[in-house]
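Visitor: I'd like to ask you about the structure that follows.
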Amino acid sequence: MRKVILNLAMSLDGYIEGPNGEYDWCFADQDYGMTEFLNQADAIFLGRKSYEMFIDTDPGLFAALKMYVFTDTLTSVTGNAEIIRSADFDRRVDEIRHQTGGNIWLFGGAELVAAFVAKKQINEFLLSVHPVILGAGKQLFDVKGRTDLMFLGSETFSSGLVQLRYTFKPQFDQDMIAF
């Protein structure tokens, strides 16, 4: 089964964009492992706003990736993109994950990430924490309730950026344990 990997930049205080939607605080001075990451991925899951941001700024930026746009408001998308409606979320995500291919990059936004967290459909959280405190903006995790994670590792960079890797903490069914 293909892996879904959430790979996003965030501020130290948990924001993925500033109060005016800005992301100029994200470092672009190094590769930060993106080339290797993209070489292992062949699809990207993203919400409507993220899709529109890509189309407005650089439509060819991720042309090599099959784009799956989660939206109930757009009626069409361009190029190598496909719309997934909320009513089809479970079925389509399951179908895509069972197709042959590379990893799937879960890019966002926050509402889409919350849906994937709620359904435990993320294999790995790869969070690039930038050494900046924004104080306001859009938080990465807008989830309802507690979600326990298990630490997989970290990498630090000379810029002060720290990449953290997590997965969902395994849940054990106490009723299945025989004494």
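Visitor: Among (1) 17.4; (2) 16.4; (3) 17.9, find the value of Kirkwood radius over Cα pairs in Å that was calculated from the structure presented, and write down its label.
Guide: Correct label, based on the coordinates given: (1).
Visitor: Identify which of Q99, Q40, Q121 has the largest mean-square fluctuation in a Gaussian network model of the chain, with springs joining Cα atoms closer than 10 Å.
Guide: The residue that fluctuates most here is Q99.
Visitor: Below 21 Å, Cα to Cα, which lysines can K169 reach? Residues fewer than 8 away in the same chain don't count.
Guide: K3, K119, K120, K144
Visitor: Carbon and sulfur: what percent of the chain's accessible surface (1.4 Å probe)?
Guide: 52 percent
Visitor: What does the accessible area per residue of the range 68-130 come to in Å², with a 1.4 Å probe and no ligands, DNA or RNA counted?
Guide: Accessible area per residue: 45 Å².
Visitor: Pull out the extension gain between D94 and V162, defined as 0.36 nm times the separation in residues minus the alpha carbon to alpha carbon distance; nm, one decimal.
Guide: Length difference between fully extended and current span is 21.3 nm.
The values are calculated or read from the model by the stated rules, or taken from the named source; none is laboratory data. These figures come from a predicted structure and were not determined experimentally. Quick note on the areas: whole protein, heavy atoms, side chains included, nothing else; ligands and nucleic acids left out. Shrake-Rupley method; radii C 1.70, N 1.55, O 1.52, S 1.80 Å.
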